[in-house]
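> Here it is, the structure, as structure tokens.
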Amino acid sequence: MNETKLLDQVKYPSDLRKLSKEDLPKLAKELREELIDVVSTTGGHLGAGLGVVELTIALHYVFDTPKDKLVWDVGHQTYPHKIITGRRDRIRTLRKGEGLSGFTKRSESEYDPFGAAHSSTSISSTLGMAVAKNLSNNSNHVVAVIGDGAMSAGMAYEAMNNAGAMKSKLIVILNDNDMSIAPPVGAMSSYLARLLSGKTYFNLRETVKMVTSAFSKRFKDKAGKAEEFLRDIVSGGTLFNELGFYYVGPIDGHNLNTLIPVLKNIKNSKHNGPILIHTVTKKGKGYKPAEDSRDKYHGVNKFNVVTGEQTKSKTDIPSYTKVFANTLVKHAENDTKIVGITGAMPGGTGMDIFGKKFPDRMFDVGIAEQHAVTFAAGLATESYKPFVAIYSTFLQRAYDQVVHDVAIQNLPVRFAIDRAGLVGADGPTHAGSFDITYLSTLPNFVVMGASDEAELVKMINTSVSINDRPSAFRYPRGNGLGVKLPDINEILKIGEGKIVKEGKKVAILSFGGRLMESLKAAEILEIKGISTTVADARFAKPLDKKLIMDLCLNHEVLITIEEGSIGGFGSHVFQMLAERGIFDKGLKIRSMILPDQFINQDTPENMYKVAGLDAKAIEQKVIDALKSNIVIPKIKNINNK
Ligand SMILES: Cc1ncc(C[n+]2csc(CCOP(=O)(O)OP(=O)(O)O)c2C)c(N)n1
């Protein structure tokens, strides 16, 4: 058992502020050990939290949270913050059903003034808070903490550009650990490295002098002088200075003796405008396995604290991600025009596998989904075959680029949409709920959903062959079903689904990953004497109209099912059937979709239960539909419901 004498005294930051400064390094040690112990049992994000233990303590020690607003970018590094903001008793429920979220969440705590999980929102949101504070004549402080990886996104620059022109005091801490999930990429990352290269940290005396001098009364009246002074001292901070920020740093983000006085000085300064404090930290700090392998310990399964060994998946069946990557590699061996693109997720999307084989044809563009899509569009104009490998949830950020730069120009960009549907422990911010809806509404698009890994291979093959318009194929998180994979020449006919099981009374038409559950439900229905057809739609766009009409005309009930929100596959089927007058004939048609709510994190099984998308729910839907005999009453007065 780790000793937690000091940590036991800190339920809230107000308790922390009662400790002497001398106690804080010991508290940091206890907090770090607690964090390692917790994550070894829950799994989740580890490296980032370990890197900000001292920063977390220093920020809550100096600032009067929750009155002062502290916003963490992404929020994956906030487990230490959660432990000392009243959530220690629930910290072992992290990422579990009914438990604490793995990110910041407004409804969870007043110490989380802004919810996050998608990156690079912290400067915008805190600028909003800072301006609101000014408008309301409040005197609280507003602080954002953003990583060097998150700094690569456009939103961060848009926010800095805006903040630099504002007269609102906003404190931005750039937590530079020289890592995103994978090593960071791009010119900004090189720039930050240059800022640090050959330079030791400013020591405490120098840094405090720098800050106090810059903001002191002596300089206040002499506009420009302070800035000049700062520029002289902070030789490398010019980019941020040019954007209108006061740049302070770099400082050692693990040294509480530096952090606390610097933060205090910044807090007490009367500066009206944005300030950027550049702290340097080590991802995984204090836990050797995480320090040694910073990318592998970004997010972890449960692990053995002593050896650092993570529990491995018990199955040999490859993940959908791996099947995608290996298949794309096979195609790329024959077709030199194929290129792969990821937004800072090479490991998560399998682009690392592709990149190893074709280093010159894989592009990690940083956390920059909008750019990734338009960059791909540019490649497509030059007859390259770009595959944007992206999580459904992160593609949301690039929707206008999908519409304006890809679809309207009818460019053959291929979207490999990973983590489609519910994702388990990462919860609603990471669920891929909307892609069927937001892509199927777009003219020109081909939208496919894989029901197993063999279908995924066929969809990749098909996508490679589609050269005259954009295409997308979605597949779920996790492992496939263990089916045999077809070879890369097997191409689907566009807009053609298939019957998987023939029956007579009821038809279940599945789009994507719920096919197995549909088959399970059909089996039970058969036992109950209800003859059931199951079909795999494969395409949400274009629809297989013939298949759908056949199912309608030859069955009493048609159920559509998909792991996506309203407005997706089922809605398109309904629209088509309504236009064809099918409803007038009294056919019973039902749709099964994700419900109109954000579903909290849980095991996938429980989430499907909540969503009503498991075999049991399908069976029930069929039985209810068969039983229902609703006669629609004539509406006399539309106001009288
Ligand atoms: C819009 C968006 N794209 C991708 C991700 C996935 N993601 C989560 S954390 C992370 C890396 C963040 O790096 P950094 O900001 O340097 O923080 P660190 O983990 O190094 O502390 C990425 C790419 C995300 N959360 N949001």
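> Please verify whether VAL403 is away from the ligand (no atom under 16 Å from the Cβ), within 26 Å of GLY513 (Cα to Cα) and part of a helix (DSSP H, G or I), treating the condition exactly as stated.
Working: away from the ligand (no atom under 16 Å from the Cβ): yes; within 26 Å of GLY513 (Cα to Cα): yes; part of a helix (DSSP H, G or I): yes.
The answer is yes for VAL403.
> Within region 62-79, how many residues are away from the ligand (no atom under 12 Å from the Cβ) and either surrounded by fewer than 22 Cβ atoms within 10 Å (Cβ to Cβ) or not aromatic (Phe, Trp, Tyr) (or both)?
9
> In the set SER433, SER440, which member is under 13 Å from the mean Cα position of the chain (by Cα) and open to solvent by less than 40 Å² (accessible area, probe 1.4 Å)?
SER433
> I've got another one for you. Could you check, for region 412-429, whether at least one of its residues is over 23 Å from the mean Cα position of the chain (by Cα), of a type outside the set (A, V, I, L, M, F, W, C) and in a loop (DSSP other than H, G, I, E, B)? Explain how you work it out, then say what you get.
Let us first name the residues in region 412-429 that are over 23 Å from the mean Cα position of the chain (by Cα), namely 412.
From the residues that got through so far, the ones that are of a type outside the set (A, V, I, L, M, F, W, C) too are 412.
The next check asks that each one be in a loop (DSSP other than H, G, I, E, B); those that pass are 412.
The answer is yes; a qualifying residue exists.
> Just give me the residues in region 363-400 being touching an Asp or Glu at 6+ places or on another chain (Cβ under 8 Å) and either away from the ligand (no atom under 15 Å from the Cβ) or within 16 Å of ASN444 (Cβ to Cβ) (or both), in sequence order.
VAL373, THR374, ALA377, LYS385
> So which residues in region 579-604 are under 23 Å from ALA507 (Cβ atoms) and open to solvent by 20 Å² or more (accessible area, probe 1.4 Å)? Quick ask: steps written out before the conclusion?
Taking region 579-604 first, the residues under 23 Å from ALA507 (Cβ atoms) are 579-595.
Matches in region 579-604: GLU579, ARG580, PHE583, ASP584, LYS585, GLY586, LEU587, LYS588, ARG590, SER591, ILE593, PRO595.
> Out of region 19-53, which residues are among the aliphatic types (A, V, I, L, M) and away from the ligand (no atom under 15 Å from the Cβ)? I'd like the intermediate steps shown before the answer.
Quick first cut of region 19-53, residues among the aliphatic types (A, V, I, L, M) only: 19, 24, 27-28, 31, 35-36, 38-39, 46, 48, 50, 52-53.
If the condition is that a residue be among the aliphatic types (A, V, I, L, M) and away from the ligand (no atom under 15 Å from the Cβ), then LEU19, LEU24, LEU27, ALA28, LEU31, ILE36, VAL38 are the ones that fit.
> For region 110-156: of the residues being under 17 Å from the mean Cα position of the chain (by Cα), more than 9 Å from the ligand (Cβ to nearest atom) and buried (at least 24 other Cβ atoms within 10 Å of the Cβ), which is nearest to PRO184 (Cα to Cα)? Can you show your working first?
First, pick out the residues of region 110-156 that are under 17 Å from the mean Cα position of the chain (by Cα): 114-122, 146-156.
With more than 9 Å from the ligand (Cβ to nearest atom) added as a condition, the list becomes 114-115, 122, 154, 156.
Okay, now just the ones that are also buried (at least 24 other Cβ atoms within 10 Å of the Cβ), so 122, 156.
Working: SER122: 19, ALA156: 15 Å.
Top of the filtered list is ALA156.
> Another question, then. So which residues in region 80-97 are within 20 Å of the chain's Cα centre (by Cα) and open to solvent by 10 Å² or more (accessible area, probe 1.4 Å), if there are any at all?
ARG95, LYS96, GLY97 - these are the residues of region 80-97 that are within 20 Å of the chain's Cα centre (by Cα) and open to solvent by 10 Å² or more (accessible area, probe 1.4 Å).
> Here's something else I'd like to know. Over 27 Å from LEU456 (Cα atoms), open to solvent by 10 Å² or more (accessible area, probe 1.4 Å) and in contact with a helix residue (DSSP H, G or I) (Cβ under 7 Å, 6 or more places away or on another chain): is that true of LYS545 in this structure?
Numbers: over 27 Å from LEU456 (Cα atoms): no; open to solvent by 10 Å² or more (accessible area, probe 1.4 Å): yes; in contact with a helix residue (DSSP H, G or I) (Cβ under 7 Å, 6 or more places away or on another chain): yes.
It is false that LYS545 is over 27 Å from LEU456 (Cα atoms), open to solvent by 10 Å² or more (accessible area, probe 1.4 Å) and in contact with a helix residue (DSSP H, G or I) (Cβ under 7 Å, 6 or more places away or on another chain).
> Same structure again: I need the full set of residues from region 455-467 which are open to solvent by 10 Å² or more (accessible area, probe 1.4 Å) and part of a helix (DSSP H, G or I), in order please. Can you show your working first?
In the first step, residues of region 455-467 are kept if they are open to solvent by 10 Å² or more (accessible area, probe 1.4 Å); the result is 458, 464-465, 467.
Those that are open to solvent by 10 Å² or more (accessible area, probe 1.4 Å) and part of a helix (DSSP H, G or I): LYS458, VAL464, SER465.
> A follow-up question, please. Does region 574-609 hold any residues that are assigned to a helix (DSSP H, G or I) and free of Cβ contacts under 8 Å to residues at least 12 places away in the same chain, and which are they? Step through it out loud before you land on a result.
Pass one, region 574-609, residues assigned to a helix (DSSP H, G or I): 574-579, 582-585, 604-609.
Scanning region 574-609 gives GLN575, ALA578, GLU579, PHE583, ASP584, LYS585, GLU605, LYS609.
> Here's another thing I want to ask about it. Before we move on, is ALA431 modelled with pLDDT of 95 or more, in contact with a Phe, Trp or Tyr (Cβ under 9 Å, 6 or more places away or on another chain) and not acidic (Asp, Glu)?
On the way: modelled with pLDDT of 95 or more: yes; in contact with a Phe, Trp or Tyr (Cβ under 9 Å, 6 or more places away or on another chain): yes; not acidic (Asp, Glu): yes.
Spelling it out, ALA431 is indeed modelled with pLDDT of 95 or more, in contact with a Phe, Trp or Tyr (Cβ under 9 Å, 6 or more places away or on another chain) and not acidic (Asp, Glu).
> Another question about this same structure. How many of the residues in region 504-527 are crowded, with 22+ Cβ neighbours inside 10 Å, part of a helix (DSSP H, G or I) and in contact with a Ser or Thr (Cβ under 7 Å, 6 or more places away or on another chain)?
Total satisfying the criteria: 4.
> Out of all the residues in region 161-184, which are surrounded by fewer than 24 Cβ atoms within 10 Å (Cβ to Cβ) and more than 7 Å from the ligand (Cβ to nearest atom)?
ASN161, ASN162, GLY164, ALA165, MET166, LYS167, SER168, LYS169, ASP178, ALA182, PRO183
> Kindly evaluate HIS271 against the criterion of being modelled with pLDDT of 85 or more, part of a loop (DSSP other than H, G, I, E, B) and over 30 Å from the mean Cα position of the chain (by Cα).
On the way: modelled with pLDDT of 85 or more: yes; part of a loop (DSSP other than H, G, I, E, B): yes; over 30 Å from the mean Cα position of the chain (by Cα): yes.
Judged against the criteria, HIS271 is a match.
> What are the residues in region 322-346 that are assigned to a helix (DSSP H, G or I), open to solvent by less than 50 Å² (accessible area, probe 1.4 Å) and farther than 21 Å from ASN467 by Cα, if any?
Going through region 322-346, the residues assigned to a helix (DSSP H, G or I) turn out to be 322-334, 346.
Among the residues that remain, those that are also open to solvent by less than 50 Å² (accessible area, probe 1.4 Å) are: 323-325, 327-329, 331-332, 346.
Scanning region 322-346 gives VAL323, PRO346.
> Could I ask something else about it? Please list, ordered by first then second residue, the pairs with beta carbon atoms under 6 Å, 6 or more apart or interchain, first in region 275-299 and within 14 Å of the ligand (Cβ to nearest atom) and in a loop (DSSP other than H, G, I, E, B), second among the aliphatic types (A, V, I, L, M) and open to solvent by less than 40 Å² (accessible area, probe 1.4 Å).
LYS283/MET179; GLY284/LEU50; GLY284/ALA290; LYS285/LEU50; ARG294/MET179; ASP295/ALA182; TYR297/LEU46; TYR297/ALA290
> Among the residues of region 5-41, count how many are touching a helix residue (DSSP H, G or I) at 6+ places or on another chain (Cβ under 6 Å) and among the β-branched types (Val, Ile, Thr).
The number of residues fulfilling the criteria is 2.
> Taking only region 488-503 into account, find how many residues are charged (D, E, K, R), touching a residue at least 24 places away in the same chain (Cβ under 8 Å) and part of a loop (DSSP other than H, G, I, E, B). Full working, then the answer.
Applying the first criterion (charged (D, E, K, R)) to region 488-503 yields 490, 493, 496, 498, 501-502.
Next, only the ones that are touching a residue at least 24 places away in the same chain (Cβ under 8 Å) stay: 490, 496, 498, 501-502.
Those still in the list that are part of a loop (DSSP other than H, G, I, E, B) too: 490, 496, 502.
Count: 3.
> Hey, can you tell me all the residues within region 528-561 that are in a strand (DSSP E or B), under 14 Å from VAL447 (Cβ atoms) and not small (Gly, Ala, Ser)? Give the derivation first.
Restricting attention to region 528-561, the residues satisfying the condition of being in a strand (DSSP E or B) are 532-536, 539-541, 557-561.
Narrowing further to those that are under 14 Å from VAL447 (Cβ atoms): 539-541.
Of everything in region 528-561, those that are in a strand (DSSP E or B), under 14 Å from VAL447 (Cβ atoms) and not small (Gly, Ala, Ser) turn out to be PHE539, LYS541.
The values are calculated or read from the model by the stated rules, or taken from the named source; none is laboratory data. Predicted, not measured: the structure shown is a model, and the values here were computed from it. Here Cβ is always computed from backbone atoms with ideal geometry, including for glycine, and neighbour counts include all displayed protein chains. Side chains are part of the model used for accessible areas, which takes the heavy atoms of the whole protein and leaves out ligands, DNA and RNA. Shrake-Rupley method; radii C 1.70, N 1.55, O 1.52, S 1.80 Å.
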